[in-house]
Each structure stands twice: as structure tokens, then as C-alpha cells.
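Working notes, beginning with the structure itself.
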Amino acid sequence: MKKSTPSQKESLSLASITTYQSGVAQASAFRIVKYHTAHFLRDYNLSCMQWFTIGTVLDAGSEGIRISDLAKKLDTTLAYMTNTINLLESRGILAKRAHQYDARTKLVSVVSAYKKTCAKIEQGLRQRLGEVLYQNLDHTELEDYVKVLYKISGLR
């Protein structure tokens, strides 16, 4: 039973798309977004995962976030997270400090001097991705796509 992938002009029906076709589309979409994100971040000498780490730490506020909580949020290992944090700390982007009540627990925060750079990266990357994505998607389609990503990622 041969199925052809529907063109963008045809109506997409879940019944007409095989699991492997949707898997290919998902992988392709991921690679396209990752390519443009990584390309933009090169100017800041950052990888995608480093940017995701910085942003998640930034969201935690000045109080910081425990390394184990950060690893969980980013769905990665504690060892990988520790290495990433150590690298970003050596570059003056992140800072670690002992927890107020438990010296064994380390809290990570974004260095104050780097926060303006974070805002600049976010604004520029948002603009770049918008240029790439909005050529083919309207605001509602992109918003729906992101909402679905959040729902799926919450299924862990």
C-alpha cells in the first residue's frame, strides 16, 4: 500500500499520513529550526543547548536554580548539565553559589553583566526565526505548533 505525502496545498488529514511520514516531517522541521538557531548563535559562540541552558537559568531569576532541577527541565543528564554549566561559568556567563541552607546544593544564575546579551540574543534569534518561519506560516499556525510542542513535551 503506497501512500504519497500530501502537498502543502492539499488538506492534511491524520488518516492519510502514515506514522513514518509524520516522523520524517517532524525530524525535518526540527533540523530546519535547529539549523537556523545554531547558525544565529554562532556569532555568540554558543550551541543550541548552551543557549537553552542560559535561558532556562535566566527564567529562574536572581535566586538561581539547582543543577539537578535544570537537568530535569532540559531533559538531560546531571553529568552533561554539570559540564555545560562549568564551561559557561568559565566564560563568565553563569555563576554557581552554594545554597543558603545546604552547602552541598549549588544554585546557578546568569551573571548580571550577561543579561543584556541574553536580551540581545533573544530579540535577534526571535527575529531570525520569524523571518524563516513566517514566510510559510501565519501567526496562528506557529502559535498552534508551539502549543502542541508544549503539550507533547509535558507527557514525560
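When Rg/Rh (Cα atoms, Kirkwood Rh) is calculated directly from the model, which label among (i) 1.06; (ii) 1.10; (iii) 1.23 fits?
(i)
For the chain, what does the helix formula give at 222 nm: sum of -39500 (n - 2.57) over DSSP H segments with n ≥ 4, over the residue count, nearest 500 deg cm²/dmol?
Calculated mean residue ellipticity at 222 nm is -18500 deg cm²/dmol.
With springs only between Cα atoms under 10 Å, which of 71, 27, 15 fluctuates most in a Gaussian network model of the chain?
15
Test of understanding: what is the full-extension gain from residue 132 to residue 155, defined as 0.36 nm times their sequence separation minus their Cα-Cα distance?
Working: separation 23, 0.36 × 23 = 8.28 nm, distance 2.85 nm.
My answer for the length gained is 5.4 nm.
Work through the residues other than residue 108 whose Cβ is under 11 Å from its Cβ and net out their charges, Lys, Arg +1 and Asp, Glu -1. Don't jump to the answer; show the numbers that get you there.
Working: positive: 66, 96, 97, 106; negative: 63, 69, 89.
Net charge in that neighbourhood comes out at +1.
Only four residue types carry charge here, +1 at the Cβ of Lys and Arg and -1 at the Cβ of Asp and Glu. Report the dipole size of the chain about the Cα centre in Debye, rounded to the nearest 20.
400 debye
For the chain, calculate the relative contact order in percent as a whole number, restricting contacts to Cα pairs under 8 Å that are 6 or more residues apart.
Contact order relative to length: 18 percent.
In which sequence would 143, 63 go, from the one with the fewest C-beta neighbours within 10 Å to the one with the most?
63, 143
Here, each number is a calculation from the coordinates, and none is a lab measurement. Here the structure is a predicted model, which is why all the values come from computation and not from measurement. Cβ: placed from backbone, ideal geometry, glycine included. Neighbour counts: every protein chain shown.
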